[in-house]
Amino acid sequence: MFAVIKTGGRQYRVAPDDVLEVGKIAGDVGTIVQLGEVLVLGGDTPTLGTPTVAGASVAAEVLDHKRGPKVIAFKKRRRKNSRRKRGYRDEITVLRITEILADGKKPSVGPRPKRVKAEKPAAADDKGEAASA
């Protein structure tokens with residue numbers, strides 16, 4: 001099953017477990033957000049929206065907030081000693097699509113647990129034990 005969603009003025013074709021970068025969306029890392037503008041629900045019998053599919057949404061987990069690549073806008077007017085340089089970086093949210101919902105259902109999948117690095121146990125100082133004994 002797939003869906004075509006609209007967010008940030010762009011359209012994306014998504015399926016469960018897809019990872020995509022979209023414009024900044026409010027939400028903390030690890031939370032589930034619902035994207036409500038679903039234009040097409042695909043599958044055995046595709047459903048086209050007019051303009052959106054009623055009651056359909058896409059649940060996604062926020063993986064990261066970051067900034068996009070640097071874009072430089074440089075303008076120069078030749079022989080006039082006039083030039084202007086400005087740049088910017090877009091704010092990006094990285095999402096993992098958890099499930100595609102229809103008929104006004106709520107997300108059933110919660111956020112995935114974070115991977116925890118295994119810490120090494122603190123080694124006992126042999127010299128410290130010998131000095132105290």
Legend entry - Filtered residues of segment 1-21 (kept if within 17 Å of Glu99 (Cβ to Cβ), assigned to a strand (DSSP E or B) and within 13 Å of the chain's Cα centre (by Cα)): Thr7, Tyr12, Val14, Val19, Leu20
Legend entry - Matching residues, segment 22-37, being assigned to a loop (DSSP other than H, G, I, E, B) and out of contact with any Pro (no Cβ under 7 Å at 6 or more places or on another chain): Lys24, Ile25, Ala26, Gly27, Asp28, Val29, Gly36, Glu37
Legend entry - Where a residue in segment 23-49 is touching a residue at least 12 places away in the same chain (Cβ under 8 Å) and its partner, wherever it lies, is acidic (Asp, Glu) and surrounded by fewer than 14 Cβ atoms within 10 Å (Cβ to Cβ), with Cβ under 9 Å and at least six apart: Gly23/Glu91; Lys24/Glu91; Val29/Asp64
Inset, instruction - Determine whether Ile25 is among the β-branched types (Val, Ile, Thr), in contact with a Leu (Cβ under 8 Å, 6 or more places away or on another chain) and modelled with pLDDT of 90 or more. - result: yes
Inset, instruction - Could you identify the single residue in Val71, Val40 that is surrounded by 11 or more Cβ atoms within 10 Å (Cβ to Cβ) and either at pLDDT 90 or above or not in a loop (DSSP other than H, G, I, E, B) (or both)? - result: Val40
Inset, instruction - Kindly check whether there is at least one residue in segment 44-55 that is in a strand (DSSP E or B), touching a strand residue (DSSP E or B) at 6+ places or on another chain (Cβ under 9 Å) and at pLDDT below 90. - result: yes
Inset, instruction - Just give me the residues in segment 76-107 being under 27 Å from the mean Cα position of the chain (by Cα) and outside any strand (DSSP E or B), in sequence order. - result: Ala102, Asp103, Gly104, Lys105, Lys106, Pro107
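The values are calculated or read from the model by the stated rules, or taken from the named source; none is laboratory data. Given the structure is predicted, the values throughout are model-derived calculations rather than measurements. Don't worry about glycine lacking a Cβ; one is built from the backbone with ideal geometry, like all the others, and counts go over all protein chains shown.
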